[in-house]
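The values are calculated or read from the model by the stated rules, or taken from the named source; none is laboratory data. Since the model is a prediction, treat every value here as computed from it, not as a measurement. So basically every Cβ, Gly included, is an ideal-geometry build from the backbone, and we count neighbours across all protein chains shown. The area values use the complete protein model at the heavy-atom level, side chains included, leaving out ligands, DNA and RNA. Shrake-Rupley method; radii C 1.70, N 1.55, O 1.52, S 1.80 Å.
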Amino acid sequence: MSLRIAVALAATIGAGILMSTAAEARPGLVGFRGDYSPGTIVVKTNERRLYLVVDQSRAYAYPVGVGRAGKQWAGTTRIDGKYQNPAWSPPKEVKRDKPSMPDVIPGGSPRNPMGVAAMTLSGGEYAIHGTNMPGSVGGFVSYGCIRMLNADISDLYQRVSVGTTVVVTR
């Protein structure tokens, strides 16, 4: 094998290793400041980021889609349920805006906006959930739910439990 081919092959394999490492590095562990207990989920709507607090200086960061104009909210709540491949019934507001939407979309359906997992939040009709429309993550897109990539909600789902505190800020 010529030296040129060997170098090209090594570069290709090295790039493949780097790309697979980067893909597996999600979520990113980032510097984080705030007066939150470890294990708290903090959603910063203006950043379109969800943080899972590790300690006083670090958190796992995930990109999220958040409420569109007029649908955003802020406050403190808790996870009150965890569901894999959940069925979804559109809330009254969604049904009013989209009356032809079915009353229930089964879990696992590509039309189900909840994706592969959902964690419901106490005190309302909101959830932190996956999505079957990954291009919507990072935008102001929902009726108030926190929307994550399916791989990210699967990761977060494993890291938190029912009762976890969730703080949503603007």
Scan region 148-168 and report the pairs whose first residue is on the phi < 0 side of the Ramachandran plot and whose second residue is polar (S, T, N, Q) and open to solvent by 30 Å² or more (accessible area, probe 1.4 Å), with Cβ atoms within less than 8 Å and a gap of 6+ or a chain change. Asn150/Asn132; Tyr157/Gln84; Thr165/Ser37; Thr165/Thr76; Val166/Thr76; Val167/Thr76; Val168/Thr76
Of the residues Arg68, Arg96, Arg111, Arg170, which single one is within 17 Å of Val42 (Cβ to Cβ) and among the basic types (Lys, Arg)? Arg170
When residues of region 150-170 are filtered for being exposed (fewer than 13 other Cβ atoms within 10 Å of the Cβ), assigned to a loop (DSSP other than H, G, I, E, B) and of a type in the set (S, T, N, Q), how many remain? 1
Could you name every one of the strands (runs of 3 or more DSSP E) located completely within region 23-66 that has at least 1 residues being basic (Lys, Arg) and modelled with pLDDT of 95 or more? 41-44, 49-55, 58-63
Going through (1) at negative phi; (2) in contact (Cβ under 8 Å) with a residue 40 or more places away in the chain; (3) open to solvent by 50 Å² or more (accessible area, probe 1.4 Å); (4) out of contact with any Leu (no Cβ under 9 Å at 6 or more places or on another chain) one by one, Ser100 fails only at (2)
Any residue that is aromatic (Phe, Trp, Tyr), surrounded by 13 or more Cβ atoms within 10 Å (Cβ to Cβ) and within 16 Å of Gly144 (Cβ to Cβ) - is there at least one of those in region 74-87? no
